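Remarks on the structure that follows.
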Amino acid sequence: MVDAAQGAQTEFKGKVLALSGGVGGAKLCRGLAASLSVEQLTILANTGDDFDYWDLRICPDLDSVMYALADLNDEERGWGLRDETWRTLIAMRRLGGDEWFQIGDQDLATHVLRTQLLHAGHSLSAVTKQIINGLGIRHSLLPMTEQPVATKVNTDQGWLDFQQYFVRDKCQPEVRELYFEGADAAVLNPQVRQLLEDEDLAAIVVCPSNPFVSIDPILSLADCRSLLKHSAAPLIAVSPIIAGRAVKGPAAKMMRELDMPATALAVAEYYGDLLDGYVLDEADVEYADAIVAMGIKVCVAPTLMTTLDSKIALAESVLNFAASIKA
Ligand code: GDP
Ligand code: CA
């Protein structure tokens with residue numbers, strides 16, 4: 001077992017900024033955390049999924065990443081904590097309270113503490129820092145912004161809040177459009193703005209997260225896209241689509257509903273001029289030439305992360321690829 005906090009597995013020099021959603025992003029972040037030192041890695045997580053439930057502030061993507069970095073996540077269920085119990089949820093059901101979003105007994109502590117600290121006036125970055133300290137995580141994990149941003153989904157059933165679409169309605173409604181409420185007024189996390197100007201920044205990694213609801217909210221923050229594009233560090237995305245399918249979640253279904261082919265190539269086209277490099281799964285090698293023709297460098301690697309070793313192996317491939325682009 002590799003200790004995520006120990007790092008220095010790789011020869012990679014310099015700092016890395018990783019943009020992440022929840023579960024898919026968290027898997028690569030776990031690999032990056034094994035390969036990079038505490039000083040080297042900063043993870044910027046989507047907060048467009050955040051919402052209030054049971055009067056608690058829930059930040060699903062931050063939680064997925066922190067639980068994965070702490071090796072406390074439930075790999076089988078795909079979300080939440082391992083060895084979780086559900087007594088509070090069962091009690092809530094008995095009382096007739098909301099139960100469409102499942103909160104486990106241990107997970108509840110995260111949301112209660114976060115809500116308390118936010119109410120006491122701390123920033124979401126400071127609150128996240130305190131919670132990850134408690135989990136023994138030493139790498140930096142930051143929310144994309146301190147301000148609230150809420151993803152809204154326009155569907156064949158009208159506008160839905162993201163978690164209503166994603167959890168309550170199980171991604172069944174047909175997606176027509178996405179809107180990030182509050183993004184116009186929200187400011188990219190200042191620590192990341194600073195990192196983007198740091199001459200030691202050597203790679204920006206867009207994790208294999210849902211491009212539309214995990215990465216786009218980050219890119220929609222004022223100046224973010226142009227800051228990323230003009231950074232001296234190469235920007236590399238890992239395809240969340242393998243052989244025309246999402247490993248988990250609605251990314252492929254969403255692409256079809258948004259009139260895009262559900263392919264790794266279409267994801268590269270969607271990110272477009274943001275990309276210096278793109279990591280394609282071995283199953284999608286057929287798209288390599290088309291992506292190279294767009295002026296984007298391509299790395300073909302096994303991208304399905306089912307074990308800690310496969311997460312570390314993909315992280316190492318991404319870092320070596322970044323180093324080769326930089327050179
Ligand atoms: P969410 O916020 O929990 O929905 O998670 P993300 O947006 O970070 O990740 C969802 C995306 O991750 C989906 O499009 C999946 O296809 C992708 N994904 C999940 N596991 C893997 C994996 O092992 N490899 C790759 N390449 N993509 C993955
Ligand atoms: Ca998410």
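Read the figures in this text as sums done on the coordinates, not as results from a lab. Everything numeric here is computed off the predicted structure, so don't read it as measured data. In this analysis, Cβ positions are derived from the backbone assuming ideal geometry, glycine residues included, and neighbour counts consider all displayed protein chains.
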Inset, instruction - Filter the cross-link list Lys27/Lys229; Lys297/Lys326; Lys13/Lys129 down to pairs whose alpha-carbon distance in this structure exceeds 18 Å. - result: Lys27/Lys229; Lys13/Lys129
Legend entry - Integer Hz, Karplus 6.51/-1.76/1.60 couplings in order for segment 169-182, x for Gly and Pro: 9, 6, 6, 6, x, 7, 7, 10, 6, 10, 9, 10, 5, x
Legend entry - Residue (of Leu118, Gly48, Gln130) at the positive-pole extreme of segment 10-145, dipole from beta-carbon charges: Gln130
Legend entry - Test item: Cα-centred dipole of segment 159-233, Lys/Arg +1 and Asp/Glu -1 on Cβ, debye: 220 debye
Inset, instruction - Pull out the extension gain between Gln191 and Glu286, defined as 0.36 nm times the separation in residues minus the alpha carbon to alpha carbon distance; nm, one decimal. - result: 30.3 nm
Legend entry - Per-residue ³J(HN,Hα) for segment 44-56, Karplus 6.51 cos²θ - 1.76 cosθ + 1.60, θ = phi - 60°, Hz, x for Gly and Pro: 10, 9, 5, 10, x, 7, 5, 7, 9, 8, 6, 6, 10
Inset, instruction - List the residues whose amide H sits under 5 Å from the amide H of Val298, counting only those 5 or more places along or on another chain, with H placed 1.01 Å from N in the peptide plane. - result: Tyr278
Inset, instruction - Would you please put 109-121, 257-269, 13-25, 230-242 in order of how densely packed they are, using the mean number of other Cβ atoms within 10 angstrom per residue and starting with the highest? - result: 13-25, 230-242, 257-269, 109-121
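Placing +1 at every Lys and Arg Cβ and -1 at every Asp and Glu Cβ, with all other atoms neutral, what dipole size does segment 2-326 have around its Cα centre, in debye to the nearest 20?
The calculated dipole for segment 2-326 is roughly 360 debye.
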Legend entry - In order through segment 199-207: 3J(HN,Hα) via Karplus (6.51 cos²θ - 1.76 cosθ + 1.60), integer Hz, x for Gly, Pro: 5, 7, 5, 10, 6, 10, 10, 8, 5
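Which shape class applies to segment 178-327: rounded if a/c is under 1.5, otherwise prolate when a/b exceeds b/c and oblate if not, where a ≥ b ≥ c are the square roots of the Cα gyration tensor eigenvalues? Present the calculation step by step, with values, prior to reporting the outcome.
Numbers: a/c = 1.60, a/b = 1.14, b/c = 1.41.
It comes out oblate by the Cα gyration axes.
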Inset, instruction - Sketch the reach of a paramagnetic label on Lys253 as a point 7 Å from Cα along Cα-to-Cβ, and name the residues of segment 78-102 whose backbone nitrogen lies under 18 Å away. - result: 78-79, 100-102
Legend entry - Of Ile215, Leu108, Val192, farthest towards positive along the dipole that unit charges on Lys, Arg, Asp, Glu beta carbons give segment 2-326: Leu108
Legend entry - Counting all C-alpha pairs of segment 153-234, share separated by more than 19 Å (%): 48 percent
Legend entry - segment 2-326: proportion of alpha-carbon pairs further apart than 32 angstrom, %: 23 percent
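With both bridge residues required to lie in the chain, what share of the DSSP beta bridges run antiparallel, to the nearest 5%? Write down the numbers at each step before the final one.
Values: 17 of 42 bridges.
Here the share of antiparallel DSSP bridges comes out near 40 percent.
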Inset, instruction - Sketch the reach of a paramagnetic label on Glu199 as a point 7 Å from Cα along Cα-to-Cβ, and name the residues of segment 9-50 whose backbone nitrogen lies under 15 Å away. - result: 14-15
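Based on DSSP H runs of at least 4 residues, each adding -39500 (n - 2.57), what is the mean residue ellipticity at 222 nm of the chain after dividing by all its residues, to the nearest 500 deg cm²/dmol? Before the final figure, lay out each step's value.
On the way: 12 runs with 116 residues, N = 327.
The helix-only estimate for the chain comes to -10500 deg cm²/dmol at 222 nm.
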Legend entry - Cα gyration tensor shape for segment 70-122, rounded if a/c is under 1.5, else prolate or oblate: oblate
Inset, instruction - Would you list which lysines come within 20 Å of Lys152, measuring only between C-alpha atoms, while excluding same-chain residues fewer than 8 positions from it? - result: Lys170, Lys253
Legend entry - Most positive-pole-ward Cα, Val16, Gly78, Phe180, against dipole of segment 2-326 from beta carbon charges: Gly78
Inset, instruction - Please find, in a Gaussian network model of the chain (springs between Cα atoms separated by less than 10 Å), the residue of Glu286, Glu181, Glu316 whose mean-square fluctuation is greatest. - result: Glu286
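With +1 on each Lys and Arg Cβ and -1 on each Asp and Glu Cβ, how big is the dipole of segment 1-100 about its Cα centre, in debye rounded to the nearest 20?
On the way: 10 positive and 17 negative charges, 27 e Å.
It comes to approximately 120 debye.
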